[in-house]
Amino acid sequence: MTICIEKRFFNLNRLLLLPFGLWPGKKTKFTLLQGTLLCSFLMSSIAFLLSRLFIAECSFDFVVRIFSSTTFYVMLAIPSISFWINRRNIKYLLDQVQYIYDRLKDRNEIAIYDKYGYIAKHITIIVTVLLACGLCFSFVILYWPYVLDAVMPKNESYALRTMEIVTKYFKVSEKYYVLVLVHLNMACSVGLITLIATGTMMMSYFKHACGMFEIASYRIEQAMAIELLHIFDMKNEIIIYRKIICAVDIHRKAMEFAKCFVTSIEGSFFVLVITTVLCMSFNLFRVFQIELPMEKMEEVLLHLLSVMLILLIMFLANNTGQEIIDHSNNVYVITYNISWYLAPIRIQKLILFLLQRSNKIFTLSIGGLFTISLECFATLVSASMSYFTFMYSMQ
């Protein structure tokens, strides 16, 4: 009986992406319309924010304020647009995950593959629940004053404070502030949903690649099992050769899978990395730029939440890349630690080739400049702090 990977591990991602036409399934005119409307809606929020620079009177404080918001919305829009453009490649990779699963026959190998699939699924569920709670909380904070105005009216409107923040922050007329608030809030909500859905699906792909590397390690261990080496004959030699070939095959597929995925999104994610660094710098600078922060606690919290979200996204993405590096290196460690010295010379030479190949560190790079790893996370945070320090010293 064939198990459908899509239903087993990606059903929540499918549920989140399908309404926006981003799920890499069958392409129809309706899904194209959905994707076009989504991208247009997200781009409209960015266009509105940038338009304020040409309509309103600009000051350094206002420019920083607008760019801190604009870069955040750009960060939300890039994954959705990239997913929409590269939906064929995303579908191909999903088919590859299914193809590799279908070819597994050993129960232990299936268990390894399932383990990483379930880890990714559980992370997706946790992040989605946190997102749902955060969106509900934000809706309550934003729209509760209007509910109070309807239920418990008084001389001074409860929503007056919200109106003052929106009109001053974006320099819009008071009669349009509700439209601006709803537009930006909906764009942010949709962007966060698609960001979480696409981000967790990409992370699931990397988790499955980690599973492939672990299966390669398992196959090498099984190939050089003690019982095969102690009773060595032609039959056992053929078994060892076959197991090593299978290990090399899935190791190669794991590297090709990860490389293919990164190559398909390399351009857009290079822009995303730069945008997240700038967004974090602008929002940090804006926090320290606000005078009387206790009186503008809503704005301070908004920028701090943006910084925390960026840090979380950067950490999860780079930690996943670090796991790929560690699992690839683990194949080398396993190959080195097996009882290769008990095998005949022919097999020892074959193991030597495996060691030489595995000794080359397998990494995933974006644009040839950023290697996805925890070291890259530290570098990006350091760069953000450097830009923030530079802007703070120049004000």
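Annotations
- Rounded tilt (10° steps) of 234-289 against the dominant C-alpha axis of the chain: 20 degrees
- Exceedance of the 28 Å cut-off in Cα-Cα distance is limited, within the set Lys26/Lys360; Lys115/Lys235; Lys29/Lys105; Lys243/Lys360; Lys26/Lys121; Lys91/Lys243, to Lys26/Lys360; Lys115/Lys235; Lys29/Lys105; Lys91/Lys243.
- Listed peptides 175-187, 110-122 by packing density, highest first (mean Cβ within 10 Å): 110-122, 175-187
- The fraction of accessible area contributed by carbon and sulfur in the stretch 1-50 is 71 percent, rounded to a whole number (1.4 Å probe; ligands and nucleic acids excluded).
- Range of Cα positions in the stretch 5-394 per principal axis (Å), largest first: 94, 48, 35
- For the chain, calculated [θ]222 nm from helices alone, where every DSSP H run of n ≥ 4 adds -39500 (n - 2.57): -29000 deg cm²/dmol
- Whole-Hz ³J(HN,Hα) from phi, Karplus 6.51 cos²θ - 1.76 cosθ + 1.60, for the stretch 380-390, glycine and proline x: 5, 5, 4, 5, 4, 5, 5, 5, 4, 4, 5
- Note, ³J(HN,Hα) from phi for the stretch 181-195, Karplus 6.51, -1.76, 1.60, rounded to Hz, x at Gly and Pro: 4, 5, 4, 5, 5, 5, 5, 5, 5, 5, x, 5, 4, 5, 4
- The residues of the stretch 5-394 have, on average, 51 Å² of accessible surface per residue, using a 1.4 Å probe with all protein chains present.
- Here the simple spin-label model places points 7 Å from the Cα toward Cβ, and for Ile85 and Ser339 these points are separated by 5.4 nm.
- Rounded to the nearest 10 degrees, the angle from helix 29-55 to the longest Cα principal axis of the chain is 50 degrees.
- Contact order relative to length of the chain, as percent, for alpha carbon pairs under 8 angstrom and 6 or more apart: 20 percent
- Taking the average, over residues, of other Cβ atoms within 10 Å as the packing measure, peptides 365-374, 11-20 rank 11-20, 365-374 from highest down.
The values are calculated or read from the model by the stated rules, or taken from the named source; none is laboratory data. Here the structure is a predicted model, which means the values were calculated and not measured. So basically every Cβ, Gly included, is an ideal-geometry build from the backbone, and we count neighbours across all protein chains shown. When the accessible area is computed, the model is the full protein with side chains, heavy atoms only, and any ligands, DNA or RNA have been set aside. Shrake-Rupley method; radii C 1.70, N 1.55, O 1.52, S 1.80 Å.
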